[in-house]
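Below is one structure, written out as structure tokens; comments come after it.
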Amino acid sequence: MRVFIDGPQWAGMWTEISADEFQNLGYETQIFYNNKKKPKARLFSKLNKFFPATKAFLDWEKFQQQDLLADFGKSRFDLYFSIQGKIDSAFLKKIKENNPQTKTVYWLGDVLVDAAKRRFDSLKEANLSGALDILLVSYQGTYQNLVAQGFKNVHYFPFGYSKTYHQVGEITPEEKEKFTCQVSFVGTHYPERAEIIHFLNQHLDEPVQVWGRGWQGSGIKSNGRLSLQESLKVYACSKISLNIHHHLTDNGFNMKFYEIPAAGGFQICDWQEELARTPLAQTPCYASAEELLSAVKRYLANEKEREGLKEHLKNITTKDCSYTKLFKKLSDMVC
């Protein structure tokens, strides 16, 4: 089986993890990075940003689709696998017309921000006509929302643990000194995240150590951006790693939910109803800033309890939350 993967190139290694799982199943893969714009698409993207009216006749996504279609057409593929690609129903119709034997799968792991809603709207025709065979989403609320709208062949497809990419590796003495802290947070700035961290910093003996982008002007110092491997080392070196989801998260979990325990980190996560139905149901969680502060103080003060739960959740993550199981199920669906 040959798989064409249309995915982003970014620190979370989402595309590479997917390719690795397909390869572990014995499939050949080819990657098109959908956020690496070629010259024409890059030019029109800038025009669309500064002069929105140009999008009506010089839509950069259409030129990106042309580049994508050209790469896809260079060979024959059994599966077109798009990870939040800049595509629409018209594009998928072209794929099916030229390659009726090719299965098409679209995976959107983002929360339902406006851009995600527009993407689903642009894919609905293909979904109903069969040009899009399978639609994957990583939040139960999104799944229920799409089913209620009449979408077909929608599947809840959470994130997970990658045996290849979620290994911490050697931590040098310099890295250990840099990343060791009581409480850490790794992620992009959002107001709700800054609010919670400000609250914790007012009550903890040591401030939360933050890594990530967009924190300028928030009053919280960021130690800079990290690669996936560096993030895993922060989780391994922190006594507690916070996982504060985007406020639009609707009953599901981001990638960090699995990465933190996989790295041997101790996670405290904001509460989601779905937590009770996951193998990681024992993950400490909170429903308010006050509950989070209480949990942080409790687990900082009880090393034996913290270390025991950390080891237990790591074992469950690697055993029961693997991408290998998820991609095997996906393979069974498309074959």
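The values are calculated or read from the model by the stated rules, or taken from the named source; none is laboratory data. A quick note: this is a predicted structure, and the numbers were derived from the prediction, not measured. Here the Cβ positions follow ideal geometry from the backbone for every residue, glycine too, while neighbour counts run over all protein chains shown. For accessibility, only protein heavy atoms count, side chains too; no ligands or nucleic acids. Shrake-Rupley method; radii C 1.70, N 1.55, O 1.52, S 1.80 Å.
Remark: region 235-296 carries a charge dipole of roughly 260 debye about the Cα centre, counting +1 on each Lys and Arg Cβ and -1 on each Asp and Glu Cβ.
Ranking 335, 53, 146 by how far each Cα lies toward the positive end of the dipole of the chain (charges on Cβ) leaves 53 at the top. Relative contact order of region 108-266, taken over Cα pairs closer than 8 Å and 6 or more residues apart, is 27 percent.
Using a ≥ b ≥ c from the Cα gyration tensor of region 241-317 (square roots of the eigenvalues), is it rounded, prolate or oblate, where a/c under 1.5 gives rounded and otherwise the larger of a/b and b/c decides, a/b for prolate? Cα axes put region 241-317 in the oblate bin.
Summarise the accessible area of the chain (1.4 Å probe, protein heavy atoms) by the percent that is carbon and sulfur. Exposed carbon and sulfur together represent 51 percent of the surface. Taking 7 Å steps out from each Cα toward its Cβ at residue 128 and residue 271 produces label points 3.9 nm apart. Among the listed pairs 233/328; 239/304; 37/86, which are separated by more than 18 Å between their Cα atoms? Pairs exceeding 18 Å: 233/328. Heavy-atom accessible surface of the chain, averaged per residue, reaches 47 Å², computed with a 1.4 Å probe. Report relative contact order for region 59-118 in percent, whole number only (criteria: Cα-Cα under 8 Å, sequence separation at least 6). Reported relative contact order: 36 percent. Modelled label positions at residue 201 and residue 36, each set 7 Å beyond Cα in the direction of Cβ, lie 3.7 nm from each other. Length gained on full extension, residue 178 to residue 289: 37.3 nm, using 0.36 nm per residue less the C-alpha separation. In the structure displayed, which of 96/329; 163/221; 36/221; 36/319; 62/124 lie more than 27 Å apart, Cα to Cα? Going by Cα-Cα distance, 163/221; 36/221; 36/319 fall outside the 27 Å limit.
Nearest 0.05, what FRET efficiency do residue 305 and residue 11 give at R0 = 30 Å with Cβ-Cβ as r? Once rounded, the FRET efficiency stands at 0.40.
Computed from Cα atoms, the angle from the helix 60-72 axis to the main principal axis of the chain rounds to 80 degrees. When only the Cβ of Lys, Arg, Asp and Glu is charged (+1, +1, -1, -1), the dipole of the chain relative to its Cα centre reaches about 1060 debye.
Normalised Debye scattering of region 66-154 at q = 0.13, 0.19, 0.25 Å⁻¹ gives log10 I(q)/I(0) of -0.39, -0.82, -1.34, counting only Cα atoms as equal scatterers and leaving out solvent.
For residue 49, the aspartates and glutamates whose Cα comes closer than 18 Å to its Cα, not counting residues fewer than 8 places off in the same chain, are 59, 61, 114. Estimated at 0.36 nm per residue, the fully extended path between residue 115 and residue 168 surpasses their Cα-Cα distance by 15.8 nm. In a reduced charge model with +1 at each Lys and Arg Cβ and -1 at each Asp and Glu Cβ, region 130-271 shows a dipole moment near 180 debye about its Cα centre. Dipole orientation for the chain: of the candidates 318, 115, 254, 115 has the Cα lying most toward the positive pole (charges on Cβ; Lys, Arg +1; Asp, Glu -1). Using the charge dipole of region 267-326 (Lys, Arg: +1 at Cβ; Asp, Glu: -1 at Cβ; taken about the Cα centre), state which of 271, 282, 309 has its Cα farthest towards the positive end. Checked the options; the winner is 309. From the alpha carbon centroid of region 260-274 to that of region 76-153 is 29 Å. When the surface is traced with a 1.4 Å probe over the full set of protein chains, residue 206 keeps roughly 90 Å² accessible.
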